[in-house]
Amino acid sequence: MPLAARFVLKALERLSVGRLTVRLPDGNVRVFGTGDGPPHAEIDVRDWRFFRKVLLDGDMGFAEAYMEGFCESPDLPSLISLLLANEKMLGKITRTNFFHGLLLKFLHRRHENTREGSKKNIHAHYDLGNEFYGLWLDPSMTYSSALYEGEAEKPLEAAQIAKYERILSQLGARQGDSILEIGCGWGGFAEVAARRGMRVTGVTISREQLDYARARLQRAGLADSVDLQFRDYRDIEGRYDHIVSIEMIEAVGERYWPDYFATLKRHVVPGGSAIVQAIVIADDFFERYRRHPDFIQTYVFPGGMLLSPSSLREQCRQAGLKVAELYSFGLDYARTLETWLGRFDRVADQVGRMGFDERFRRMWRYYLAYCAAGFSTRRTDVLQAHFRHI
């Protein structure tokens, strides 16, 4: 047994939360933890190089080892949840490679969200192809948290529509009102709002999404009620009764948060309101997250950055926006992501036939599972933040 494996397995004897079953490449099975409470997880280590990767590069090494096929798990979200629950102990056994960490910081800074940089970063994630996303998203083509409202049997598509309807209800939007949507995606919200008699202007910097959304609204007979534009949020014109932005702020980047919130203030009419649906990271983890680019920033969302609840409030205060409500539904996001992961697994062969290799598919699986674990452990949350112009 390699020395790195001996070191990691010895350290796992101190596992304090949950139970972990480890199957080793030589066929041996080891069980760690008391098992008194959840989570219970399993990992099948298929290559001894897994342990060296984890020992040298910590949580990023674990993600990369999974992407390379060095390990497998029948329930990846539960495995990651267990690792998060034991993070303090696990942090003591890793010897994170200084130069690897430095490289990740350098690459993250290269993805700054200038106007041109934003287009490149959005292209890297959203322009993988409408067909790719269409394979595993629900028919509404919504790529943000659904709202289940405690209904165990509610289908994903119905929960996505419920999210849109709650936003319109909280805004108090009425027939004939003008709504600006910053980051209009594939047009799901715009379609719901237009069907209820609102006039929607949507902006995006994804050509793939824009083409899809325009065609969708044309087919629905709503093109006269919706104006979709290829435009950066910093170049918006006019004022609107309401502004909606659903999980777009994650792509803005910390340097540009003041510009984003100033845009909300500048383009909503006096007395008007805005709702921003935002993924946030818990305040306790925010400073470390700021300093160390994570798996998602490195592999999935170049240039991305989450706010914390406190930083969200502070940005609103600086922009002159009054926070009317912060509505939290993070566990609904965990359910949404687990549903997406199941759907993605069912179409993995089709994804492969589209030209995406095994490493990409494993990266995407890890991304969905990693996010689900973050929400289920409350490391991350999703908020609908309701602002008023003051």
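A short reminder: the numbers here are calculations on the coordinates, not readings from a lab. Everything numeric in this text was worked out from a predicted model, so none of it was measured. Heads up, the Cβs are rebuilt from the backbone with ideal geometry, glycines too, and the neighbour counts pull from every protein chain shown.
Label-to-label distance for Gln175 and Asp345 is 4.7 nm, based on points extended 7 Å past Cα in the beta-carbon direction.
Can you work out the FRET efficiency for the pair Glu165 and Glu72, with r the C-beta to C-beta distance and R0 = 45 Å, to the nearest 0.05?
On the way: r = 40 Å, r/R0 = 0.88.
For Glu165 and Glu72, the calculated efficiency is 0.70.
In this simple spin-label model, placing a label point 7 Å from the Cα along the Cα-to-Cβ direction at both Glu157 and Thr21 gives a separation of 3.8 nm.
Starting at 0 and stepping by 5 Å, how many percent of the alpha carbon pairs of the range 186-233 end up in each bin? Percent of Cα pairs in each bin: 5, 26, 37, 21, 9, 2.
For the range 284-388, the equivalent ellipsoid derived from the Cα gyration tensor has semi-axes of 31, 16, 12 Å, listed largest first.
Obtain the radius of gyration and the Kirkwood radius of the chain from its C-alpha atoms and give Rg over Rh. If you can, show how the numbers build up before the last one.
Numbers: Rg = 21.8 Å, Rh = 22.1 Å.
In the chain, Rg relative to Rh is 0.99.
May I ask you to compute the full-extension gain from Glu131 to Asp259, defined as 0.36 nm times their residue separation minus their alpha-carbon distance, rounded to one decimal in nm? Kindly include the intermediate steps, with their values, before the conclusion.
On the way: separation 128, 0.36 × 128 = 46.08 nm, distance 3.29 nm.
Roughly 42.8 nm would be gained on extension.
Computed over the range 197-324, the convex hull of the alpha-carbon atoms projects to a mean area of 9.0 nm².
Beta bridges from DSSP with both residues in the chain: antiparallel share about 45 percent, rounded to the nearest 5. Applied to the range 288-297, the Karplus parametrisation 6.51 cos²θ - 1.76 cosθ + 1.60 on θ = phi - 60° returns per-residue 3J(HN,Hα) values of 5, 4, 4, 7, 10, x, 9, 4, 5, 5 Hz, with x for Gly and Pro. The string of couplings for the range 52-69 from the Karplus curve (6.51, -1.76, 1.60, θ = phi - 60°) is 5, 4, 5, 4, 7, 10, x, 5, 5, x, 4, 4, 5, 5, 5, 4, 7, x Hz, one whole number per residue in order, with x for Gly and Pro.
Rounded to the nearest whole Hz, the Karplus-based 3J(HN,Hα) values (6.51 cos²θ - 1.76 cosθ + 1.60, θ = phi - 60°) of the range 234-241 follow the sequence 6, 10, 5, 10, x, 10, 9, 5, with x at glycine and proline.
Legend: ranking of residues Asp345, Asp26 from fewest to most surrounding C-beta atoms inside 10 Å; resulting order Asp26, Asp345. As a proxy for reagent exposure, ranking Leu306, Leu128, Leu168 by other Cβ atoms within 10 Å from fewest up yields Leu128, Leu168, Leu306.
Take the convex hull of the alpha carbons in the range 115-272; its mean projected area over all directions comes to 9.6 nm².
I need the calculated FRET efficiency for the pair His40 and Asp235, taking r as the beta carbon distance and R₀ as 35 Å, to the nearest 0.05.
Values: r = 51 Å, r/R0 = 1.45.
Approximately 0.10, to the nearest 0.05.
Treating the Cα atoms of the range 3-96 as identical point scatterers in vacuum, please give the log10 of the normalised Debye intensity I(q)/I(0) at q = 0.11, 0.12, 0.18 Å⁻¹, two decimals. One equal scatterer on each Cα of the range 3-96 leads to -0.26, -0.31, -0.74. Using modelled amide H (1.01 Å from N, peptide plane; none on Pro or chain starts), what sits under 5 Å from the amide H of Thr201, excluding residues fewer than 5 places away? Excluding prolines and chain starts, which carry no amide H, the hits are Ile179, Leu180, Glu181, Asp227.
The per residue volume of the convex hull around the alpha-carbon atoms of the range 322-378 is 100 Å³.
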